[in-house]
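The values are calculated or read from the model by the stated rules, or taken from the named source; none is laboratory data. The model shown is predicted, which means the values in this text are computed figures rather than measured ones. Note that each Cβ is placed from the backbone with ideal geometry, even for glycine, and that neighbours are counted across all protein chains shown.
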Amino acid sequence: MALLEVKQLSKTFGGLEALKNFELSLEKKELVGLIGPNGAGKTTVFNLLTGVYKPTSGTFYLEGKCLLGLKPHQITSCGIARTFQNIRLFGDLSVFDNVRVANHWYSSYPVANAVLRLPSYFKYERRMSQRAYELLEIFNLLDKKDELAKNLPYGEQRRLEIARALAAKPKVLLLDEPAAGMNPLETKELMNLISWIREEFNLTILLIEHDMSLVMGICERIIVLDHGEIIAQGTPEEIKRNPRVIGAYLGEEAV
Amino acid sequence: MDKQRLWLNVGVAATLAVVYFAVDWLIKTGIITPFQQLNLYLIGINIILAVSLNLIVGFTGQLALGHAGFMAVGAYISAVLTTKIGIPFLPATLAGALAAALMGIIIGLPTLRLRGDYLAIATLGFGEIVRGILINIEYVGGAAGLIGIKQYCTWPWLFFWTLITVLFIKNFINSTHGRACIAIREDEIAAEAMGINTTKYKVLAFSIGAFFAGIAGAIYAHYFFLIQPNTFSILKSFDALLLVVFGGLGSLTGSIIAAVFVTLITALLQDLAQLRMVIYAVLLIIIMIFRPQGLLGTKEVTFEVLCKKMGGTTWHCSK
């Protein structure tokens, strides 16, 4: 059975059909790319899968459990975490705290323990810090842990966002344009990092990206959206040669 | 590290004990005049109000203007319990505060869906509704107010409740729950996406803030003998908000310093009568021009920071 199963997902905003009958089936440890021109509905897919939007119709399952109608924080605790296209870090919190916040849902303790400073408070806080340390180490951000997130350079903010998403212990990770604004070298490093965390954390990854070198380089399967509809899917090689995809990106050839 | 922290805590506790006994002695020997004592109580009440409102506005980022309403609930419930029913001060205070917290939950659930100015208007309305209801209840004296409240609140109570408020909120903020609240302030959508139940935390922060506003109300009622609905008008809410903004949104020590400073300024300018408000306003404008983030911004004055500022690299100062 597929890990994430999306069935006939649609979303309309007023008269605009942002997404029509979107189908997706992600196997465990798959790395799938979602591409398409601007306004094709890619981010809408993410917003639907994370509960930010309620779908007009259709449903989706994670490990056979229906997640339709759950709130975003409940979906996160079921195992889907994401990053955002326009970075949404907690700017005035330190890098370290940004990661620790995402630990909250599975390693919290009662408010009374915090207020009375009971031993369990220290125990859980230490555990949360420990995990944050490990993640920051992996993402090479440990020496910046006390800096405010908003003061990091752009590339590091992107990395921190992925670290934070991982801290939420996802089974499925949704990356919304992780390489946006990165130079080719940073993109290359990011590709290695994504492949590495997939192995290390047993992750299933769905990513939106405009950087074709990244998408073609690491995705095993690519889904192409245009005007809210899937126009093609297959391996990177198939997608490269697909005339509909070329048409959507570059415009149809004049006949 | 833990040992150093222990010593630091012992040091802080010792300092607080010295302050407590010193003021206690000064009151008993009559060195502190009644006017000074009154201002001492106002400082305590203002600290409680500012710190509790800072949790809602400064840390959780929800602009609420109904703090006086919660204070009124705490004041009236506790005063009715002590004067009309004859319940001791402590349980009456707690009952008043719990009623305010409950009110916080009831008000918070529908209104915290709103953001920014809409939440401000809704909570402002709440404060006015409380006042309006109190004016129309004959049982608590209507517009004339509730009189004959016994002056149960003494220095030990004031000190105790101020300390509890600051400690409670400080410990809350420096925990995963506090970080969840700050994350909501920073970016609600991202906080939700990271698994934080934003509704729960907004209502929690709101009701904790309301609880301590209720405590402040109970202290107020049992020190000033008399409570009137108009005492808890919208101006009182603004006073509290002013302290928070003045000290820095998201800084507990900032709120405390602002509460002390503003209360003392008000007391010192007492003789100038009408001119007082002008000076007060000019002072505020100057601060907002030169330090729009408030006195401390989001920073805290801690013993560790103080040690570093003094240039001390002594072992017990290192974190």
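Considering A:GLU156, A:GLU134, which residue is away from chain B (no Cβ under 14 Å), over 16 Å from B:ARG179 (Cα atoms) and surrounded by fewer than 16 Cβ atoms within 10 Å (Cβ to Cβ)?
Working: A:GLU156 fails: surrounded by fewer than 16 Cβ atoms within 10 Å (Cβ to Cβ).
Among A:GLU156, A:GLU134, only A:GLU134 is away from chain B (no Cβ under 14 Å), over 16 Å from B:ARG179 (Cα atoms) and surrounded by fewer than 16 Cβ atoms within 10 Å (Cβ to Cβ).
Can you name the residue in the range B:156-198 that is of a type in the set (Ser, Thr, Tyr) and at the interface with chain A (Cβ under 8 Å from one of its Cβ atoms) and, of all such residues, is farthest from A:LEU173 (Cα to Cα)?
B:SER175
Only residues that are closer than 17 Å to B:THR253 by Cα and aliphatic (A, V, I, L, M): list them for the range B:288-309, please.
Result: B:LEU295, B:LEU296, B:VAL301, B:VAL305, B:LEU306.
So A:GLU177 clears everything in (1) within 13 Å of another protein chain (Cβ to nearest Cβ); (2) on the phi > 0 side of the Ramachandran plot except one condition, right? Which one?
Unmet for A:GLU177, out of (1) within 13 Å of another protein chain (Cβ to nearest Cβ); (2) on the phi > 0 side of the Ramachandran plot: (1).
Within the group A:LYS150, A:LYS123, which residue is under 17 Å from B:ILE182 (Cβ atoms) and surrounded by fewer than 19 Cβ atoms within 10 Å (Cβ to Cβ)?
A:LYS150
All but one of (1) at pLDDT 90 or above; (2) aromatic (Phe, Trp, Tyr); (3) over 28 Å from A:SER94 (Cα atoms) hold for A:PHE201, so report the exception by its number.
(3) is the only condition that A:PHE201 fails.
Just to be sure before I move on: is A:SER129 more than 25 Å from B:GLY250 (Cα to Cα), in a helix (DSSP H, G or I) and among the hydroxyl-bearing types (Ser, Thr, Tyr) in the structure I sent?
Against the criterion (more than 25 Å from B:GLY250 (Cα to Cα), in a helix (DSSP H, G or I) and among the hydroxyl-bearing types (Ser, Thr, Tyr)), A:SER129 does not qualify.
Can you give me the number of residues within the range B:166-195 that are in contact with a His (Cβ under 6 Å, 6 or more places away or on another chain) and among the aliphatic types (A, V, I, L, M)? Outline the logic, then answer.
Of all residues in the range B:166-195, those in contact with a His (Cβ under 6 Å, 6 or more places away or on another chain) come to B:176, B:180, B:192, B:195.
Those still in the list that are among the aliphatic types (A, V, I, L, M) too: B:180.
The number of residues fulfilling the criteria is 1.
When A:CYS66 is evaluated against the numbered criteria (1) farther than 19 Å from B:PHE59 by Cα; (2) buried (at least 16 other Cβ atoms within 10 Å of the Cβ); (3) hydrophobic (A, V, I, L, M, F, W, C), which criterion, by number, is the only one it fails?
Only one criterion is unmet by A:CYS66, namely (2).
Return the only residue of A:ARG127, A:ARG88 being charged (D, E, K, R), more than 8 Å from chain B (Cβ to nearest Cβ) and within 23 Å of A:ILE162 (Cβ to Cβ).
Every option except A:ARG127 fails the conditions.
For the range A:17-50, give me each residue that is among the basic types (Lys, Arg) and out of contact with any Leu (no Cβ under 6 Å at 6 or more places or on another chain).
If the condition is that a residue be among the basic types (Lys, Arg) and out of contact with any Leu (no Cβ under 6 Å at 6 or more places or on another chain), then A:LYS20, A:LYS29 are the ones that fit.
Can you tell me which residue among A:TYR106, A:TYR53 is more than 10 Å from chain B (Cβ to nearest Cβ), modelled with pLDDT under 95 and over 14 Å from the mean Cα position of the chain (by Cα)?
Every option except A:TYR53 fails the conditions.
Can you tell me how many residues within the range A:111-124 are more than 9 Å from every other protein chain (Cβ to nearest Cβ) and in a loop (DSSP other than H, G, I, E, B)?
1
If I go through the range B:158-170 residue by residue, how many of them are crowded, with 19+ Cβ neighbours inside 10 Å and out of contact with any Gly (no Cβ under 8 Å at 6 or more places or on another chain)? Working first, answer last.
Looking only at the range B:158-170, we keep the residues that are crowded, with 19+ Cβ neighbours inside 10 Å, and these are B:158, B:161-162, B:165-166, B:168-169.
Those still in the list that are out of contact with any Gly (no Cβ under 8 Å at 6 or more places or on another chain) too: B:165-166, B:168-169.
Total meeting the criteria: 4.
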